[in-house]
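What follows is a short report on a single structure.
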Amino acid sequence: MITAIHEAHVAIRSMQHDDLAIISDIERRSYEFPWSHGVFRDCLLAGYQCIVLERNGEVVGYGILSVAAGEAHILNLCVELDFRSMGYGERMLDEILFRARTSSVRDIFLEVRPSNKNALALYRRKGFHKVANRPAYYQARKGREDADVLVKKLTTDDQ
Ligand SMILES: CC(C)(COP(=O)(O)OP(=O)(O)OC[C@H]1O[C@@H](n2cnc3c(N)ncnc32)[C@H](O)[C@@H]1OP(=O)(O)O)[C@@H](O)C(=O)NCCC(=O)NCCS
């Protein structure tokens with residue numbers, strides 16, 4: 001018997017206002033302290049580089065990059081729970097790195113909870129390293145949680 005394996009069709013495109021409802025749903029399912037719909041709307045209005053990853057035509061992930069004063073900052077990167085560990089986070093990160101490079105910035109920064117082992121593993125694999133600690137940066141169940149600040153130097157030939 002021949003079994004046909006149909007690979008999912010995956011595409012990354014710029015985020016549109018019409019995507020915000022599904023993005024807010026994914027966000028609520030993914031974070032204990034999610035961004036509101038309004039924060040995503042403001043990112044679009046501010047002209048940040050906002051992307052979504054579609055799997056078979058359905059949005060299952062998103063990422064947001066701000067570029068200002070010669071620095072790039074990843075503000076959000078998220079994949080719907082059912083579709084994690086399939087390489088989609090890395091694909092969006094590659095697109096974000098590409099967009100940052102074409103904006104001619106030298107460094108790209110992000111904040112991450114030290115407890116977020118999955119995200120840290122992905123960022124380290126892509127060449128980010130810790131440069132600072134921001135005390136009490138995040139809301140937490142009990143008080144606040146510090147953030148690790150990670151940076152990656154952007155060159156034209158790295159990933
Ligand atoms: C962090 C996050 C975006 C990573 O997304 P992801 O799609 O799971 O990431 P990837 O699949 O690219 O990589 C994750 C793992 O999958 C593995 N993987 C990659 N491609 C794979 C494939 N085709 N098949 C199986 N596994 C694969 C990777 O090796 C990696 O494993 P490792 O971390 O043990 O090395 C996701 O966990 C998430 O949305 N978390 C909640 C939101 C969040 O915390 N965001 C970060 C804020 S700073």
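The values are calculated or read from the model by the stated rules, or taken from the named source; none is laboratory data. A quick note: this is a predicted structure, and the numbers were derived from the prediction, not measured. Don't worry about glycine lacking a Cβ; one is built from the backbone with ideal geometry, like all the others, and counts go over all protein chains shown.
Consider the stretch 14-51 and keep the residues that are loosely packed, with under 15 Cβ neighbours inside 10 Å and among the small types (Gly, Ala, Ser). The one that is nearest to the ligand (Cβ to nearest atom) is SER36. Every listed requirement among (1) touching a residue at least 24 places away in the same chain (Cβ under 8 Å); (2) polar (S, T, N, Q); (3) within 29 Å of ARG141 (Cα to Cα) is met by SER66 save one, (1). Of everything in the stretch 52-74 that is of a type in the set (A, V, I, L, M, F, W, C) and buried (at least 20 other Cβ atoms within 10 Å of the Cβ), the residue that is farthest from VAL10 (Cα to Cα) is ALA72.
Scanning the stretch 104-113 for residues that are modelled with pLDDT under 95 and either crowded, with 16+ Cβ neighbours inside 10 Å or within 16 Å of the ligand (Cβ to nearest atom) (or both) turns up just one, VAL105. Does at least one position in the stretch 51-67 carry a residue that is touching a helix residue (DSSP H, G or I) at 6+ places or on another chain (Cβ under 8 Å) and in a helix (DSSP H, G or I)? So far as the stretch 51-67 goes, no, none of its residues is touching a helix residue (DSSP H, G or I) at 6+ places or on another chain (Cβ under 8 Å) and in a helix (DSSP H, G or I).
Checked against the criterion of being of a type in the set (S, T, N, Q), modelled with pLDDT under 95 and touching a Phe, Trp or Tyr at 6+ places or on another chain (Cβ under 8 Å), the candidates GLN159, GLN139 yield just one match: GLN139. Every condition in (1) modelled with pLDDT of 95 or more; (2) more than 11 Å from the ligand (Cβ to nearest atom) is met by ARG84 except one, and the failing one is (2).
Here ARG91 does not fit the description of being within 15 Å of the ligand (Cβ to nearest atom) and over 12 Å from the mean Cα position of the chain (by Cα). With respect to the stated conditions, LEU77 fails to be near the ligand (Cβ under 9 Å from one of its atoms) and in a helix (DSSP H, G or I). Of all residues in the stretch 105-120, none that is among the basic types (Lys, Arg) has its Cβ atom under 9 Å from the Cβ atom of a residue that is modelled with pLDDT under 95 and near the ligand (Cβ under 7 Å from one of its atoms), 6 or more apart or on another chain.
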